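Report on the structure given below.
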Amino acid sequence: MTIRIVRLGTARQPGEGPRLGTVRRPPRGVPASEFASQNWYDVWYPELSPSQELVKKGLAAKTPPAWARFVKGYRKEMAVPHARRSLDVLALLSQTADF
């Protein structure tokens, strides 16, 4: 299963699989029991959240090129050792687990 970066609240793609919420804080005003049904995420995993600076850029990304810059920055942040190890574990699980 490929790991993809998607905007919170966007419609799920067919066969997308589980979503990890890599945000610093859960969405306000949304009961935790409704995170998945409202297309936020299935599991909260803040250890992989983007930096506060990058979050601001992502929130301001109103065009595809601006979103692409956010994605590029997020991938760069995820290349650091502690994040890379988490992603390696997730990648391994995606190859061996049935979701």
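Numbers at a glance
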read-out	value
Carbon + sulfur, % of accessible area of the chain - ligands and nucleic acids excluded, 1.4 Å	58
For Gly21, residues with placed amide H under 5 Å, excluding near neighbours	Asp42, Val43, Trp44, Tyr45
Extreme residue, positive dipole direction of the chain, given options Thr96, Asn39, Gly17 (C-beta unit charges)	Asn39
Low-density loop cleavage sites - trypsin sites (Lys or Arg not before Pro) in the stretch 13-76, where at most 14 other Cβ are within 10 Å (DSSP)	Arg24, Arg28, Lys62
Options [x] 15.7, 55; [y] 13.7, 37; [z] 23.1, 70 - which one matches Rg and Dmax of the Cα atoms in Å as calculated here	[y]
Residues of the chain: accessible area per residue with a 1.4 Å probe, Å²	72
With all protein chains modelled, accessible area of Val6 [1.4 Å, Å²]	50
Debye, to nearest 20: dipole size of the stretch 40-93, +1 on Lys, Arg Cβ, -1 on Asp, Glu Cβ	340
Simple label model, 7 Å out from Cα along Cβ direction - Thr10 to Arg25, nm	2.4
Stretch gain in nm, segment Ala60-Lys76, where the contour uses 0.36 nm per residue and the Cα spacing is subtracted	3.9 nm
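The values are calculated or read from the model by the stated rules, or taken from the named source; none is laboratory data. In this text the structure is predicted, and so the values were computed from the model without any measurement. Note: ideal-geometry Cβ built from the backbone for every residue, glycine included; neighbour counts use all protein chains shown. To get the accessible areas, we keep the full protein, side chains included, count just its heavy atoms, and leave off ligands, DNA and RNA. Shrake-Rupley method; radii C 1.70, N 1.55, O 1.52, S 1.80 Å.
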